[in-house]
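Chemist: So that we are looking at the same thing, I have put the structure below in structure tokens.
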Amino acid sequence: MLQSGKCFITTWMSGSKNFIQKIFTDDQWYILFKEGVTDPLNVDLSSFHKIKPTKEKFWADPFFVKTNDKYFIFVEELPYSTLKGHISCLTVNSNGELLSCETVLSEDFHLSFPQVFQYKNRWYMLPETLENQSITLYTATDFPSRWEKYCDLKVNINAVDSSVILRDQTWWLFSYIENNDTASYELNLFSNERLVSEGWTSHPSNPIASHSNSRPAGGIFKVGEDFFRPSQISKPRYGYGMKIMKILNWDFENYEEEVISTILPDWIDDVVATHTFNFENGACVADCAKTIYRSPSNIYKKIISKL
């Protein structure tokens, strides 16, 4: 009986602590950036420049491009007051100094994971549009500041963290999609000769991954002749860490990958998670989260939402 009482008290205290943390604290995600990365498979995130937002919001899911000697880092910006994400662009120099920040795309629904790329002199963005039940491609009308919807790649679909890559004159779409039969998410792969089209062919091996490291943590990147896929580690908490998967076999009939390296939030005491990684032409961006205390107004909103 005494032992049972101790177990009850321990469980109650643990539950109370978790409840208090959820009410009074937030995860504040911020951006890590570094130029001159020679080995993206073995990075030391402690050496990256830190780019932090104000305490009323977070920046996460960074993708970047470089043009005119400046880096444009596109992020999910989420104010704690609304909990609805929009896309902002951080302009930084090679030393990771923040030169400007502006909102560049906002919708009636949540936006995140903004892959940005250029193709045939046109800039495209493929953000996550899960709440709109679509995979939607946008184009810049005035890069990097203004974007408009270009076309839907897929509709009536619950998909997160999608990205595309052009390989051997074929467009490939990686997307983490809900399985309607199991209500769980799995990584799927599609191909298409044209980027701007709904006629994407499902890979015969779909889902190509349904394990705990399935969810994308960034876009596909290339080192030498090899391709790599960042993936999320979702335990012991959401967005805890990342694994870099090496793609071993990838064609119209087969897909195979293996873990090549692991990135954990262990380089400084106050970092509790890291879940996005992108590399291109010797530069890297990533994100990580620390725990911060909510403002009184946001604590009130959180308590009301739990009632």
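Chemist: How many residues, within region 139-167, are under 19 Å from the mean Cα position of the chain (by Cα), crowded, with 20+ Cβ neighbours inside 10 Å and part of a loop (DSSP other than H, G, I, E, B)?
Modeler: Residues that pass the stated criteria total 0.
Chemist: Also: Output the residues belonging to region 254-280 that are out of contact with any Gly (no Cβ under 9 Å at 6 or more places or on another chain), at pLDDT 95 or above and surrounded by fewer than 14 Cβ atoms within 10 Å (Cβ to Cβ).
Modeler: Asn254, Glu256, Glu258, Val259
Chemist: Continuing with this model, one more query. For the list (1) farther than 27 Å from Asn192 by Cβ; (2) part of a loop (DSSP other than H, G, I, E, B); (3) at pLDDT 95 or above; (4) not basic (Lys, Arg), I need the number of the one condition that Ala289 fails.
Modeler: (2) is the only condition that Ala289 fails.
Chemist: Can I ask one more? Can you name the residue in region 168-204 that is of a type in the set (D, E, K, R) and under 22 Å from the mean Cα position of the chain (by Cα) and, of all such residues, is farthest from Ile247 (Cα to Cα)?
Modeler: Going through the qualifying residues, I end up with Glu178.
Chemist: If you don't mind, another one. Any residue at all in region 81-89 that's at pLDDT 95 or above, surrounded by 20 or more Cβ atoms within 10 Å (Cβ to Cβ) and in contact with a His (Cβ under 7 Å, 6 or more places away or on another chain)?
Modeler: Yes, because at least one residue in region 81-89 is at pLDDT 95 or above, surrounded by 20 or more Cβ atoms within 10 Å (Cβ to Cβ) and in contact with a His (Cβ under 7 Å, 6 or more places away or on another chain).
Chemist: Right, here's the next one. Take region 72-121 and flag every residue that is farther than 29 Å from Gly36 by Cα, within 19 Å of the chain's Cα centre (by Cα) and not hydrophobic (A, V, I, L, M, F, W, C).
Modeler: Pro79, Tyr80, Lys84, Gly85, His86, Ser106, Glu107, His110
Chemist: Continuing with this model, one more query. List the pairs whose first member sits in region 52-69 and is surrounded by 14 or more Cβ atoms within 10 Å (Cβ to Cβ), whose second member is among the charged types (D, E, K, R) and modelled with pLDDT under 95, and whose Cβ atoms are under 8 Å apart, counting only residues at least 6 apart or on separate chains?
Modeler: These pairs meet every condition: Phe58/Asp26; Phe58/Asp27.
Residue-by-condition table, conditions (1) touching a His at 6+ places or on another chain (Cβ under 9 Å); (2) crowded, with 16+ Cβ neighbours inside 10 Å; (3) charged (D, E, K, R); (4) free of Cβ contacts under 8 Å to residues at least 60 places away in the same chain:
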{"site": "Val92", "(1), (2), (3), (4)": "yes, yes, no, yes"}
{"site": "Asp108", "(1), (2), (3), (4)": "no, no, yes, yes"}
{"site": "Trp123", "(1), (2), (3), (4)": "no, yes, no, yes"}
{"site": "Leu126", "(1), (2), (3), (4)": "no, yes, no, yes"}
{"site": "Ser175", "(1), (2), (3), (4)": "no, yes, no, yes"}
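The values are calculated or read from the model by the stated rules, or taken from the named source; none is laboratory data. All figures in this text were calculated on a predicted structure; none of them were measured in a lab. Ideal geometry is used to build each Cβ from the backbone, glycine not excepted, and the neighbour counts take in all protein chains shown.
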